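See structure below.
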């Protein structure tokens with residue numbers, strides 16, 4: 001028989017295990033702990049993929065510099081899902097079967113996550129999902145490290161109501177996250193006595209937004225609740241600025257990341273309101289320290305959004321969970337993460353023992369200059385994850 005290296009043998013064993021649905025073997029301390037990262041590094045959402053990588057890379061470095069996890073070093077294998085659900089499944093399958101990863105980090109879009117979930121469940125591999133989303137993705141093998149609708153909307157909508165006006169227009173991408181976010185937001189608006197003047201969804205890749213900008217302006221709405229991610233968002237904001245829309249309309253920006261501001265153009269994209277779990281401009285000592293560590297690795301000018309922190313947190317949770325469990329395998333990782341409290345740059349974050357979503361500190365903020373300015377520290381907000 002051809003000789004196999006130990007890593008090749010483990011990889012072959014993992015594939016056979018998956019085929020016959022036997023429990024996955026523990027990853028021995030002599031081996032590196034491999035985390036797979038299925039993120040968009042092309043296809044329109046690379047802004048988010050690159051932010052995720054910043055957080056993962058810092059967490060990996062700090063864990064390894066401190067001796068690893070129970071003597072094992074952490075390594076991350078990155079795969080570009082090209083912002084495509086089918087590619088996401090292919091890359092996930094390869095990482096689990098070929099590389100015997102302990103867990104998968106990613107993706108960004110809900111469509112990619114939903115496409116990956118059957119494979120994650122079938123192969124019993126934890127998914128560390130650190131993107132804000134619409135809720136309802138509930139499984140033993142899925143952990144959400146970012147916000148669900150109530151954490152983002154329940155403070156933002158009243159703030160917009162108070163500071164901008166009681167008439168809302170909702171515009172976003174035509175997929176599940178904006179649809180569910182607007183559904184929740186509309187309930188909040190109407191319960192407060194406000195009105196929804198219009199609601200529209202657009203496919204990805206639109207280059208000309210003048211018609212919808214006119215409809216928003218003509219509606220008389222004072223608030224634009226906006227949920228259009230990636231390059232399309234940049235195109236819309238630039239055109240809306242040129243049209244003069246924001247002279248009369250204030251934006252509540254869902255899924256905002258500081259990476260957008262430089263792309264909007266100098267002086268554009270100001271006074272947009274958000275609710276986020278991290279504000280890079282905060283003067284809190286722990287946040288200042290975290291920002292300085294990212295900048296030391298990536299450069300002083302790199303924008304740092306909450307996507308950096310939530311992905312960082314997800315890997316810190318892996319370390320805490322495995323050390324709590326006392327052994328390194330997938331099921332032990334899951335058991336260790338349930339109910340785990342981790343120290344993060346914004347304070348304690350608690351992973352739900354049943355719903356696997358996080359209670360964390362949140363901040364109401366608005367765009368100012370090249371970043372965000374905190375309007376109000378909201379304290380810890382628990383998720384309404386939408387799990388039965």
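The numbers here are math on the coordinates, done by the rules we state, and not lab data. Everything quoted here is computed from the prediction, not taken from an experiment. Counting neighbours? That spans all protein chains shown, and the Cβs are built from the backbone with ideal geometry, glycine included.
For the reader, a short list of remarks on this structure follows.
- For q = 0.20 Å⁻¹, Debye-computed log10 I/I(0) when each Cα of segment 112-161 counts as one equal scatterer: -0.68
- Each peptide among 264-275, 359-370, 222-233, 78-89 gets the average number of other Cβ atoms lying within 10 Å of its residues, and from highest to lowest they stand as 222-233, 78-89, 359-370, 264-275.
- Modelled FRET efficiency - R0 41 Å, residue 286 with residue 201, Cβ distances, 0.05 increments: 0.60
- Distance (nanometres) between label positions extended 7 Å along Cα→Cβ at residue 162 and residue 111: 3.8
- For segment 50-144: span of alpha carbons on each principal axis (Å, largest first): 36, 26, 25
- Extension reserve of the residue 73-residue 297 stretch, reckoned as 0.36 nm per residue once the Cα distance is removed: 78.7 nm
- Considering only alpha-carbon pairs that sit under 8 angstrom and 6 or more positions apart, the relative contact order computed for segment 150-276 is 31 percent.
- Radius ratio Rg over Rh of segment 150-276, counting only Cα atoms, Kirkwood formula for Rh: 0.92
- For the chain, the longest principal axis of the C-alpha atoms and the axis of helix 306-325 are separated by about 30°.
- Listed peptides 189-195, 129-135, 93-99 by packing density, highest first (mean Cβ within 10 Å): 129-135, 93-99, 189-195
- Inter-centroid distance (Cα atoms) of segment 287-337 relative to segment 126-174, Å: 21
- Modelled spin labels at residue 350 and residue 248, positioned 7 Å past Cα toward Cβ, are 4.7 nm from each other.
- Principal-axis tilt of helix 46-65 within the chain, Cα atoms, nearest 10 degrees: 40
- Length released on extending from residue 377 to residue 190, taking residue separation times 0.36 nm less the Cα-Cα span: 64.8 nm
- What the pair-distance distribution of the chain shows, using all Cα-Cα distances binned every 10 Å from zero, is 5, 24, 33, 23, 11, 4, 1, 0 percent.
- In the chain, the longest principal axis of the Cα atoms and the axis of helix 110-122 are about 20 degrees apart.
- Report summary: the helix-based calculation at 222 nm, which adds -39500 (n - 2.57) for every DSSP H run with n ≥ 4 and divides by the residues of the chain, gives -13000 deg cm²/dmol.
- For segment 298-361, the fraction of alpha-carbon pairs in successive 10 Å shells from zero, as %: 21, 48, 22, 9
- By average C-beta atoms within 10 angstrom, highest first, the peptides 56-69, 244-257, 331-344: 244-257, 331-344, 56-69
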